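Written out below as structure tokens is the structure these notes cover.
The values are calculated or read from the model by the stated rules, or taken from the named source; none is laboratory data. Just so it is clear, the model here is predicted, and its values are computed rather than measured. Virtual Cβ from ideal backbone geometry, glycine too; neighbours counted across all protein chains shown. These area figures cover heavy atoms from the full protein model, side chains too; ligands, DNA and RNA do not enter into them. Shrake-Rupley method; radii C 1.70, N 1.55, O 1.52, S 1.80 Å.
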Amino acid sequence: MSPGRTDGTLSNGDIERHVLVIITGGTICMQDSPDGLVPTRDFVDNCLRPSSYFNDGSLFNSTPVTNEHGKGATATTFRAPPRSTDGSRFKYSVFEFSELIDSSSMDGSQWNLMLRSLTHNWTNFDAFVILHGTDTLAYTASALAFMLGPLEKSVIVTGSQLSMYAPNNDAHDNLLDALTVAGTYDVPEVGVVFHHHLYRATRVTKVSAFSLAAFTTPNAKPLANFPKHAGKAWTASIHLDTIRPEGILGHSYKD
């Protein structure tokens, strides 16, 4: 298994994976205001804690983390209910940047804050999910891939076209898929999860401001896709042999 695994034992004795979710802003956590949609706080309490899809009711103490400014902070921790057919479970901790932004305001200084958050917390978590606005999501994902270099852990970037607070939104599935990939598979690189697909960060581009299928990788297959089936468990179709169920080592990069 990946190094840096944290304590967390299930009733059957298995050690579960621990994912860190970093909220930077974006549509996924936006709500209406007199000035239009703006990123808002309390995403954890409003969207994750009450949902049986994101919280199985297990009780955890707050998890210590290092924030984007290099200072100690705490993150709320949940255990996600199993989605895959093998019943794999994982826990995840969530913290918000002190300043949540619309991704149209993203710049290099924000990339450095994300990099700092990742590197300071790297040894304490098994995988990472970054919530981000869609306007510059592809640029951020690619920049992080080059800034981080070769990896032995997963860094998954996701967002949504519609806020988690909106009816019929895509935020729910995008976040749940991102968490499931990070918590269930070894993906030794930066990836983008969007609309039931996992894409390589250095290949992805935004192709629509309106469609829920907003991203693709021209001239390259997705790394994986997660088809939805009525009444069936979550499944993943993997298209790259570097992606394996968590706990299996021996990755090699292939294009």
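Taking label positions 7 Å along the Cα-Cβ direction at both Ala166 and Thr123, the computed distance is 4.2 nm, reported to one decimal.
Listed cross-link partners Lys71/Lys206; Lys206/Lys228; Lys153/Lys228 are compared with a 31 Å cut-off, the Cα-Cα value being larger for Lys71/Lys206.
Computed with a 1.4 Å probe over protein heavy atoms only, the accessible surface of the chain comes to 44 Å² per residue. Within the accessible surface of the chain, defined with a 1.4 Å probe on protein heavy atoms only, the carbon and sulfur portion equals 51 percent.
Simple point charges give the picture: +1 on the Cβ of Lys and Arg, -1 on the Cβ of Asp and Glu, and for the chain a dipole about the Cα centre of about 500 debye. Karplus-derived 3J(HN,Hα) values for segment 167-175, using 6.51 cos²θ - 1.76 cosθ + 1.60 with θ = phi - 60°, are x, 6, 7, 9, 4, 4, 5, 4, 5 Hz; glycine and proline are entered as x. Per-residue packing, averaged as other Cβ atoms within 10 Å, sorts the ranges 128-138, 93-103 into the order 128-138, 93-103, beginning with the highest.
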